Every structure is written in C-alpha cells, then in structure tokens.
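Notes follow once the structure below has been shown.
The values are calculated or read from the model by the stated rules, or taken from the named source; none is laboratory data. These numbers were taken from a predicted model, which means no experiment stands behind them. When we count neighbours, we look across all protein chains shown, and the Cβ atoms used for this are built from the backbone with ideal geometry, even at glycine.
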Amino acid sequence: MEQQFTAEEIAQAVGSPLVSYLGTGAFGETWRVQEDGRDAAYKIIYREDASSERLRREIQSYRRVASANVVRLDDAFPLAVRGTQYATLAFEYIGGGDLATAIAKGRPTPDQLVDLASGLLSGLGALHSADLLHRDLKPANIALRGGDYSHPVILDLGLAKLLDVESITRYPQKIGTPLYMAPEQLEGSRAMRASDLWAVGAVLYEAGTGMHPFLAQGELPTLEDFFERLKTKPDIPDVFPQEVSSLISRCLSYAIYKRGTVEKAIARLKGE
C-alpha cells in the first residue's frame with residue numbers, strides 16, 4: 001500500500017510543521033510528529049469504521065505493558081485529514097529504524113544476535129503476561145532503538161485483534177505479507193502464544209542469515225508447497241550461537257506444543 005497523505009496535510013491536521021513520513025502498513029500509515037516538546041509516532045488507521053472511542057477503551061490493556069522492548073502506546077483519538085476523521089493511535093517515537101532495514105544492510109554479530117533474541121522474548125513475555133498476543137511479528141514491526149540490534153522494540157501491538165481484522169491472519173492465495181505467521185494462523189485457526197514464538201524463530205533466522213527460513217529471495221511457491229516446507233526445519237548455520245540455534249529450532253516446530261513458552265525460552269537462552 002502506498003502513502004496516502006502529504007506532509008502538508010498531516011502538518012495541518014496536527015497543528016505542527018515538524019512531521020515526517022515513517023511508512024505504510026496493513027492498517028494505515030505512520031508519521032513522526034513533534035509538537036510542544038513531544039516526539040510521537042502517529043498511526044493513522046485507514047479503515048473508516050475504526051472507532052476512536054472503542055480503540056481508546058481497548059488500548060487500556062496495552063498501556064499496562066511496561067517493557068523497554070515493547071513500544072509505549074499512549075492514546076487513541078480522531079484526527080481530521082482532508083476533511084475526514086481517521087482513528088489514530090499515538091505511540092512513543094523510537095529512532096533508529098526497523099529490523100527489516102537493518103537486515104538489508106548487514107548481519108548482527110553473534111553477541112548482538114543473542115541480545116536480539118533476548119529482547120524479543122522479553123517484549124513478548126511482557127505482552128503475554130498481560131494476556132495479549134501480537135499475531136503479526138515480523139522484521140518491519142520491530143524497531144531497533146538507536147539502530148542497535150541489541151535493543152529491539154516490538155511495534156504494532158496486535159493491531160489485527162485491536163481492530164477486529166481477521167483477514168491478515170488468513171493465508172492469501174499466494175504468498176504475501178504474512179510470511180512470519182505460524183502454520184496454525186495461516187490455516188485460519190486462532191493465534192496463540194506459541195504462534196508468536198514461531199515468528200520469533202523466523203525473524204531471528206532472517207536476521208542472522210539475511211534470508212527467510214523457508215523461501216528464497218523472490219520465490220513464490222504454491223500454497224501447498226509452502227505448507228510442506230513448514231514441516232521441515234531449515235538448516236541453521238554453524239556460525240549462530242548455540243543457544244540461538246536451539247531457540248530457532250524449537251520455535252520453528254510445526255507441532256505447536258514443541259515450541260514451549262516464552263518463559264522457558266528465556267531460561268534456555270540464559271543457559272538455565
């Protein structure tokens with residue numbers, strides 16, 4: 001999806017000239033807004049039926065999550081852009097870019113890969129402890145605070161559920177955006193905590209290799225072929241730290257129960 005609004009339109013809507021476009025995702029586009037000493041990321045939801053009032057009620061559980069590895073969600077409100085009211089979510093702004101951009105530029109060191117794994121698990125643990133799931137964890141939804149692999153921050157806090165959107169958790173006719181979703185999600189079953197762990201495994205594999213664990217660059221297999229691939233774990237390079245290799249292998253288990261829990265994954269990563 002392409003950018004819909006101009007900087008001039010957003011500046012007029014928020015009453016500040018200090019705005020910059022950050023990107024467009026499945027639900028809308030995100031802008032950095034600086035005003036009155038505040039530095040925030042505004043996610044403007046494209047869906048016309050998204051209710052700002054309902055979102056304000058729903059985000060209370062997300063606001064209880066306090067973790068350096070989870071973006072802080074501050075508020076939900078209507079924003080008038082080009083004469084139309086759009087439900088908008090305000091997050092803390094995190095400078096440094098996202099993991100997808102970093103992966104395109106190079107690989108983390110072994111120590112950074114361990115820290116990346118630890119940070120992602122810590123963030124997911126905070127969400128899961130609040131009885132929240134992410135459902136769409138992927139490199140583009142992970143910021144790197146200060147551009148450092150060692151300081152990942154989980155973005156887009158389960159917006160599929162927050163906005164009652166089920167379509168992105170169902171597999172399309174061709175391989176598309178949901179490349180990091182667990183098999184059960186792609187089949188249309190409900191997501192669970194172990195589904196987020198699958199995504200952690202896929203993300204860490206790509207961070208360490210620059211490649212998706214089941215697809216070559218530009219490859220577009222049939223749905224049936226892709227599902228068959230998911231049943232066989234990818235080979236993990238020997239250069240990976242052993243604790244990360246073990247984590248990836250367990251997370252990418254086709255059988256849900258074999259993935260374990262975030263708590264157990266953190267303990268294993270620490271060698272406990």
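Per-structure values
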| read-out | value |
| --- | --- |
| Number of the exception - I94 against (1) crowded, with 22+ Cβ neighbours inside 10 Å; (2) among the hydrophobic types (A, V, I, L, M, F, W, C); (3) modelled with pLDDT of 95 or more | (1) |
| Single match in A143, A100, A117 (criterion: out of contact with any Gly (no Cβ under 6 Å at 6 or more places or on another chain) and surrounded by fewer than 19 Cβ atoms within 10 Å (Cβ to Cβ)) | A100 |
| Odd one out for L247 among (1) assigned to a helix (DSSP H, G or I); (2) closer than 19 Å to L186 by Cβ | (2) |
| For A66: the one exception among (1) exposed (fewer than 13 other Cβ atoms within 10 Å of the Cβ); (2) in contact with a Ser or Thr (Cβ under 6 Å, 6 or more places away or on another chain) | (2) |
| Selection status of A13, touching a residue at least 40 places away in the same chain (Cβ under 8 Å) and farther than 15 Å from P78 by Cβ | no |
| Segments classed as helices (runs of 4 or more DSSP H), wholly inside the range 24-106, with at least 2 members that are farther than 26 Å from I266 by Cα | 52-58, 99-105 |
| Residue that is farthest from R107 (Cα to Cα), among those in the range 190-237 that are of a type in the set (S, T, N, Q) and without any contact (Cβ under 8 Å) to a residue 24 or more places away in the chain | T222 |
